[in-house]
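The values are calculated or read from the model by the stated rules, or taken from the named source; none is laboratory data. None of these values were measured; they are calculated from a predicted model. Cβ placement follows ideal geometry from the backbone for every residue including glycine, while neighbour counts extend to all protein chains displayed.
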């Protein structure tokens, strides 16, 4: 029997960095296939290739007996591959039936045959187990129900293969059970499903087959019964560590430095977070950050790490709890928190890290600009600003050939990130929050950024690093906190950096 | 042969790109417009016409500079023309010789100017608050303000112009050597503010990316409000010049210059998408539009033909903005 | 409990226009005993028909998160052409065809500027506003045109006892309502207005949808121009000025959002147009200074936009993503 989907030596690189390396696997008809791997292992890229959002650099795919190379998502749909995205692509201002048939309404002339529409929609909803009338507006649905509507959408064009990307992260336990029942039922109807999830126990419970990806390669595949959770974790993690990370100064030296700066209380916390909660985002988060310390914040996507960072920096509100810096409560806008010595490198450079159209100099100077002005008009002293820029450019090792006047959008990802770092370092922050500081940049720039972080901590700052790359955290940090569904689930001291244990703490229980 | 052609076309393309990118493109266009029209247009290249041109240019430059500041912040101020009208009327109320509040007083003219400027700033503050605090879309806020203020100016005067303004005031408009330095001073000040001050840098940052600006500790609300206040103030200053020139407080003053203001700023190169703009660019844009207006008038074209041409020009300007953003982005 | 407060506010915002309308009706009825008669109400509907029709076109554009500022000028050009043709003795069908084409051509122009050249909607249509006004002034040579009596008779004519403008208005509203609620085109417009990028990804032809919207708006403006002309009986050089405001106001008061994706024609825009007309008539009854009218209209628009912005802010606040479901504690 020919398999439903055959992926042969598929390759894909971004900016010369290989993300998928000769990936091959097959999916049989009527099978549930669990796809697992760490963040950045290449799962999303692989699924985007299947969904027609990206095109492979090499290799072939066959689907349903035909050669398969979708040019766009529509082509993928037409071929019979349905996609249920993590961020749901429904229109909340339309009702369920309209969302299901938006591009192919049953109609007479231009007029929708409403009876037919709702008959078909109701049938689909019944299949996926939604009891609501098909005229319910989507903005009234819970996340779980929206997930099921997306599955129904895939069924509306009779998809033979349905890809579910992290479908359970925002679902309650009951909704999850409901989804599983549906997935099995669809399998029994002869469809195949790819189930991507970090919840390994769910994967093992649900899947017929398992494919494990690591660093863009398939490192394990077979019947689900041949795997257990430990085996999966060790397959996902098992790569050799590269020498990327700077050695921190020896502990005694750092202690000496530290006591020099803070006097009698060497271990007094610099940043203290006490019982911070915000409904639906973070729950009862408490931790502290000391001088000269790099603390890692690990966890799965959607565990609340970025949200916590945004709360600390005053970008989002929190309902209860207090945040202290050097013992004083921290409140107000980011502007006030910057004055208290906070700095935050955000997850997404393009959206809120840089002014892409503006020059390198303007971007680096943005935070510290008020310090370079003279009253009454607050005119900028360009000479001293240039001095400051030159120093900080050297400190972050920004390529000297890049002109200060060059628009930032012409820079590579690594250099862009250095510009953002330079912007914050120029303000000599006491507490530096770094959200995914090395996302999308090459290895060389990565190791330079690690060195910068270490140096900063060695000079007395406290650094909080959020990263999805465990390797990065274990290599760089003095301590690692793991978040799980909005809580800090556990804490690991330097001696206990065990990648499998950290990963297990992050996985849903 | 082939290579030579391709080389030629490449260099042509490079040249075209360089011209399109140049800051002086609009100045070049002004020169082209002038030399092309001068032979056919009686009285274009005469000394008296130059005086006239400069007199038209000065107040327009002042309003357009304010508009540019708002555009840089990523907004738009459509209320400037009505601000000019209302401010003109209120100023005339204060100082006119018939029934002015300060009729005959030596302080009438300076007091009127202060009131006018204050009112302009107040209008700007209102616009700014509606945009930042109430999160209303700039174009609709300022459209409503435009309608309201224009209605207010007409209501206050029952549509009648106010004459007999003090001579000390009208001198501001009739004497070019007074009007020009005022306009130059104001735009010069705006230039310094934009190019060399903290406010200018913040303004551009907010226009480029308001989220980044916020994360970086820029008080983006205050900056945007500041831009609208500046626009209101400069519109009021322009109103002083216009009112003095006409020697009349008029409720329909400036009604016809909205297109000139937006057209001039956008043609000059200020982006409708925020972030980009320079006083010098605006000056070139104002020069271009004033020249065009002047030439079309001298050619004896009717008011409505000029209106159509200007309607086309603003679309063209917006098109250039889009082209600059998309085509030259690479 | 905390959650129900904004819900209540939202519901109040959604029904603000209705409350306002009822309030105005009561005041109106108390002031003028003639108002709550069949004749009085019919008159109100006839007077509001032009604003309703133009507002319907505007609703389509606003639903896609665009705006059409050129409707006033389109009304002017359409009325000017109609006047010229009527004075020249052209037959009615030819005249109507010409007017419809004028609306469509202007709409097409806007559509091309917005979809092909990617110029921001309010700037494109601001340009066509001026170009259209200039064109109309050229057509009329800036002189007022008085129409022959037979044309006026058309405006006052009745069909089975119902005034013709009312029938036309009702027909446009019914057609638009049907289009928005019952056709795939209508439903897809809502998707485009909600999220243009997602609509494109879902496989909708967004360019075509947007273009159609501007053409519909042009068409409605032309029809609205004729309705207005039939009532006024003359084309002055200021015919149709500021009508883009009343059209936007009617739509937004009726609950259509400037941010796209929310709203509708019935009762929405119709109610908005009636409210505006009621207020205007109320000012007449109060014998208010005619110079105050634009002030009141502007205040009304400001209020409408304020309601819309506040509602959008509340909705955006709700849409803030929650990353997990709170389990029962």
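Values as computed for the structure displayed
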read-out: Search result, residues across region A:428-455 that are buried (at least 20 other Cβ atoms within 10 Å of the Cβ) and not in a helix (DSSP H, G or I); value: A:429, A:431, A:432, A:433, A:434, A:435, A:436, A:437, A:438, A:441
read-out: Among (1) surrounded by fewer than 20 Cβ atoms within 10 Å (Cβ to Cβ); (2) at pLDDT 90 or above; (3) touching a helix residue (DSSP H, G or I) at 6+ places or on another chain (Cβ under 8 Å) - the single one residue C:175 does not satisfy; value: (3)
read-out: Residue within region B:278-298 that is on the phi > 0 side of the Ramachandran plot and out of contact with any strand residue (DSSP E or B) (no Cβ under 6 Å at 6 or more places or on another chain) present; value: no
read-out: Residue that is in contact with a helix residue (DSSP H, G or I) (Cβ under 9 Å, 6 or more places away or on another chain) and under 26 Å from residue C:198 (Cβ atoms), where the choices are C:234, C:247, C:251, C:221; value: C:251
read-out: Every residue from region B:148-176 that is under 22 Å from residue C:292 (Cβ atoms) and either in a loop (DSSP other than H, G, I, E, B) or at pLDDT below 90 (or both); value: B:158, B:159, B:160, B:161
read-out: Where residue B:312 falls short, out of the listed (1) touching a residue at least 40 places away in the same chain (Cβ under 8 Å); (2) at negative phi; value: (1)
read-out: Test: residue in region C:234-243 that is within 26 Å of residue C:155 (Cα to Cα), surrounded by fewer than 22 Cβ atoms within 10 Å (Cβ to Cβ), touching a strand residue (DSSP E or B) at 6+ places or on another chain (Cβ under 6 Å) and away from chain B (no Cβ under 14 Å); value: yes
read-out: Matching residues, region A:321-355, being in contact with a strand residue (DSSP E or B) (Cβ under 8 Å, 6 or more places away or on another chain) and at the interface with another protein chain (Cβ under 7 Å from one of its Cβ atoms); value: A:334, A:344, A:346, A:353
read-out: Among the residues listed as A:37, A:51, A:42, A:28, the single one being in contact (Cβ under 8 Å) with a residue 40 or more places away in the chain and surrounded by fewer than 20 Cβ atoms within 10 Å (Cβ to Cβ); value: A:28
read-out: Subset tally (residues that are within 12 Å of chain B (Cβ to nearest Cβ) and assigned to a helix (DSSP H, G or I)) for region A:384-415; value: 4
read-out: Tally, over region B:216-234, of residues that are in a helix (DSSP H, G or I) and in contact with a helix residue (DSSP H, G or I) (Cβ under 6 Å, 6 or more places away or on another chain); value: 13
read-out: Condition broken by residue B:140, with the remaining ones in (1) more than 9 Å from chain C (Cβ to nearest Cβ); (2) within 20 Å of residue B:75 (Cβ to Cβ) satisfied; value: (1)
read-out: Wholly within region C:93-183, helices (runs of 4 or more DSSP H) carrying at least 1 residues that are within 14 Å of another protein chain (Cβ to nearest Cβ) and touching a residue at least 60 places away in the same chain (Cβ under 8 Å); value: C:121-140, C:164-182
read-out: The lone exception for residue A:60 - which of (1) surrounded by 17 or more Cβ atoms within 10 Å (Cβ to Cβ); (2) modelled with pLDDT of 90 or more it fails; value: (1)
read-out: Hits in region A:87-123 - residues which are away from every other protein chain (no Cβ under 11 Å) and under 32 Å from the mean Cα position of the chain (by Cα); value: A:96, A:100
read-out: Only listed residue being surrounded by 13 or more Cβ atoms within 10 Å (Cβ to Cβ) and under 23 Å from residue C:159 (Cβ atoms), chosen from C:80, C:16, C:65, C:98; value: C:98
read-out: From B:196, B:204, B:214, residue being within 7 Å of another protein chain (Cβ to nearest Cβ) and over 22 Å from residue A:348 (Cβ atoms); value: B:196
read-out: Test: residue in region B:255-270 that is more than 16 Å from the chain's Cα centre (by Cα), part of a loop (DSSP other than H, G, I, E, B) and surrounded by fewer than 22 Cβ atoms within 10 Å (Cβ to Cβ); value: no
read-out: Meets criteria (away from chain C (no Cβ under 12 Å) and either at positive phi or outside any loop (DSSP other than H, G, I, E, B) (or both)) for residue B:237; value: yes
read-out: Strands (runs of 3 or more DSSP E) within region A:3-86 that include 2 or more residues farther than 26 Å from residue C:203 by Cβ; value: A:5-14, A:17-27, A:32-36, A:58-63
read-out: Residue under evaluation residue B:187, criteria (1) within 14 Å of chain C (Cβ to nearest Cβ); (2) touching a helix residue (DSSP H, G or I) at 6+ places or on another chain (Cβ under 6 Å); (3) surrounded by 15 or more Cβ atoms within 10 Å (Cβ to Cβ), criterion not met; value: (1)
read-out: Of all residues in region C:294-321 being closer than 30 Å to residue A:279 by Cα, surrounded by 18 or more Cβ atoms within 10 Å (Cβ to Cβ) and modelled with pLDDT of 85 or more, the one that is nearest to the other protein chains (Cβ to nearest Cβ); value: C:309
read-out: Search result, residues across region A:314-348 that are touching a helix residue (DSSP H, G or I) at 6+ places or on another chain (Cβ under 9 Å), in a loop (DSSP other than H, G, I, E, B) and buried (at least 18 other Cβ atoms within 10 Å of the Cβ); value: A:314, A:315, A:318, A:330, A:346, A:347
read-out: Enumeration of residues in region A:359-383 that are part of a strand (DSSP E or B) and surrounded by 14 or more Cβ atoms within 10 Å (Cβ to Cβ); value: A:359, A:373, A:379, A:380
read-out: Scope region C:184-201; condition surrounded by fewer than 21 Cβ atoms within 10 Å (Cβ to Cβ), touching a residue at least 24 places away in the same chain (Cβ under 8 Å) and within 8 Å of chain A (Cβ to nearest Cβ); matching residues; value: C:185, C:195
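Conditions (1) within 20 Å of residue A:307 (Cβ to Cβ); (2) over 22 Å from the mean Cα position of the chain (by Cα), marked per residue:
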| position | (1), (2) |
| --- | --- |
| A:337 | yes, yes |
| A:343 | yes, no |
| A:348 | yes, no |
| A:367 | no, yes |
| A:376 | no, yes |
